[in-house]
Amino acid sequence: MNSLVLSTFAVPPAAGSAEVSALEDGGNSLILRDLTEKVTAYESTNPDMTGTTPTESDFATVKLDMFAPSGELIGHTTGAGRMLFKQDNGEFVGYFGERISLLDGNIIRAGGLVDDARLTAGESATIPAVVVAGPLRGAIGYRQFRPVVLETHDTYTSSIVLYRK
């Protein structure tokens, strides 16, 4: 897809536009906050699960179960991350991409650049997200996640905020 077509669909509408008025009933949005995600499978070329010793060649895959604040299972994620380069300050930037399969039928693809040192220290990473199948197909927005237990990185807190214009 060329950049002109992509930017037409991805650019957020102006706040006073009719597209934004279409969001008033809430049926064109998905807002999930205070989610908990638990790692169910993890494989990496780097044996350090804490993420404190990254290298430029690191590649990892992960599967997680996603839970609502009530504890109810609401979906699953399958993702992969790859270290891309080391910044001048010595910290790494990686790319993380994933497929989120919600039990409500929405399938979300999310991916973007992640500052690995900040994530490892417990800060949130925010990446673009798009619903590619299901009731809200075409909705765009973002996904945030951060590790809860820094020593093991086996539990995350997260949010997903999407809207269809």
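Shown in residue order for the range 90-96 are the 3J(HN,Hα) couplings computed by the Karplus curve 6.51 cos²θ - 1.76 cosθ + 1.60 at θ = phi - 60°: x, 8, 9, 10, x, 10, 10 Hz (x for Gly and Pro).
Selection among PRO54, ILE108, ASN28 by position relative to the dipole of the chain gives ASN28 as farthest towards the positive end (Cβ unit charges, Cα centre). Amide H contacts for ASN46 (H built 1.01 Å from N in the peptide plane; partners 5 or more residues away or on another chain; cut-off under 5 Å): PHE59.
What percentage of the solvent-accessible surface of the chain, computed with a 1.4 Å probe over protein heavy atoms, is contributed by carbon and sulfur atoms? That share works out to 56 percent.
Around the amide H of ILE74, modelled in the peptide plane, lie the amide H atoms of MET66, PHE67, ALA68, all under 5 Å away and 5 or more residues distant in sequence or on another chain.
Which lysines, if any, have their Cα less than 21 Å from the Cα of LYS63, not counting same-chain residues under 8 positions apart? Cα-Cα hits under 21 Å: LYS38. Per-residue Karplus couplings for the range 38-54, computed as 6.51 cos²θ - 1.76 cosθ + 1.60 with θ equal to phi - 60°, are listed in order as 10, 5, 10, 7, 8, 9, 8, 6, 10, x, 7, 5, 6, x, 8, 10, x Hz, Gly and Pro entered as x.
Rolling a 1.4 Å probe over the protein chains gives LYS86 an accessible area of about 110 Å².
Using bins of 5 Å that start at zero, the share of Cα-Cα pairs per bin across the range 76-125 amounts to 5, 20, 23, 22, 13, 9, 5, 2, 1, in whole %.
For the chain, the relative contact order comes to 22 percent (Cα pairs under 8 Å, sequence separation of at least 6).
Taking a sphere under 10 Å around the Cβ of ASP116 and counting the other residues whose Cβ falls inside, with K and R at +1 and D and E at -1, yields a net charge of -1. The 3J(HN,Hα) values that the Karplus relation (6.51, -1.76, 1.60; θ = phi - 60°) gives for the range 150-165 are, in residue order, 5, 5, 10, 6, 9, 9, 10, 10, 8, 9, 9, 10, 9, 8, 10, 8 Hz. Gly and Pro appear as x.
Accessible area per residue, 1.4 Å probe, Å², for the chain: what's the number? That works out to 56 Å² for each residue. Ordered from largest to smallest accessible area (heavy atoms of protein chains, 1.4 Å probe), the residues TYR156, TYR142 come out as TYR142, TYR156.
Computed with a 1.4 Å probe on the full set of protein chains, the accessible area for ASP65 sits at about 40 Å².
Measuring gaps between exposed loop sites in the chain (GluC sites (Glu not before Pro); DSSP loop; at most 10 other Cβ atoms within 10 Å), the longest gap, sites not included, is 73-150. Shape analysis of the range 45-84 yields a ratio of the Cα radius of gyration to the Kirkwood radius, Rg/Rh, of 1.13. Rg and Dmax of the range 31-165, both derived from C-alpha coordinates alone, stand at 14.5, 44 Å.
The values are calculated or read from the model by the stated rules, or taken from the named source; none is laboratory data. Predicted, not measured: the structure shown is a model, and the values here were computed from it. Don't worry about glycine lacking a Cβ; one is built from the backbone with ideal geometry, like all the others, and counts go over all protein chains shown. Surface accessibility is based on the protein's heavy atoms, side chains included, excluding ligands, DNA and RNA. Shrake-Rupley method; radii C 1.70, N 1.55, O 1.52, S 1.80 Å.
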